[in-house]
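Since the structure comes first, as structure tokens, the remarks are kept for the end.
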Amino acid sequence: MERLRGRDKDLFEEQIEAADRRLEEMKQTVGESPEQVASTREAMEELSIALEELHVAAEELRQQNDELIGTRQALEDERQRYLELFEFAPDPYLVTDSRGVIQEANRAAASLLGVPRDFLTGKPLILFVAEERHKEFYMRLEQLQDRTTWEGEMKPREGGQFWALVTTAWVRDDQGRRVGLRWLLRDITSRRRLEEEREHLLYELQDALSNIKTLQGLLPICASCKKIRDDQGYWTQIETYIKERSQATFTHGICPACRKRLYGELTAEK
């Protein structure tokens, strides 16, 4: 039978000792006189009652012990399920103390940080944070709420730095005190690269749009020579005015009407 709990075990042993003492007294009082026979019978009855109570107590303790075994097994099964979920989760998970010292790490976390899992235990997580992000890391560690998510740059033992989406949550004991942290790390380097490319393209587009000049409003133009007056009051050839204020360029030719006016006879001969 499994080891009995302290109080029940003491009670059980006291009852056994009492039964043993009474049995010894009974042996010593055995005689042939009526008084001795009566005393022996009385002692036997008391011993029988004591032994019956002892059996009842033993059965109760046995039932309690069976319940404890069942509860312990259920807890062990639950713990094993947790370990399997933690160990084989596709995302990198870590458990640290409140200072960020690693206590547990699953396979995905060890792979992401480029070290054997056993090596991670007892190591400060700051060792795997990019050096230029150390100050930010400590600041966030001091300001953590119950659940916090941020983006940080990590530095594995081997290979280049990468951006990670970091999610943290406090671990609390039965009294609700903060005793540790759970960490979820996701490599978001590809996403960050796409965002940077998108921002770069957006900047180039905005820059291109800013260089596109448009003409709008009323343009004061000479009815005779077709020059345009600019904002400073100068009259400028229409080609120059438009070219300076748009992406348009000009080529020159001559229309049929002007050709006839300028070269009438020559045009007619052709």
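Read-outs throughout are calculated quantities, based only on the coordinates presented, and are distinct from any laboratory measurement. Remember, predicted model here, so these are calculated numbers, not experimental data. Because the Cβ atoms are built from the backbone with ideal geometry, glycine has one as well, and the counts that use them run over all protein chains shown.
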Subject >> For peptides 142-153, 53-64, sequence by mean Cβ density within 10 Å, most packed first >> reply: 53-64, 142-153
Subject >> Cα-based Lys proximity count in segment 128-270, under 16 Å, for pairs eight or more positions apart or on separate chains >> reply: 5
Original post:
³J(HN,Hα) across segment 62-74 via Karplus (A = 6.51, B = -1.76, C = 1.60, θ = phi - 60°), whole Hz, x for Gly/Pro?
Top reply: 5, 5, 4, 5, 4, 5, 4, 4, x, 5, 4, 5, 4
Subject >> segment 162-199 versus segment 86-122: alpha-carbon centroid distance in Å >> reply: 13 Å
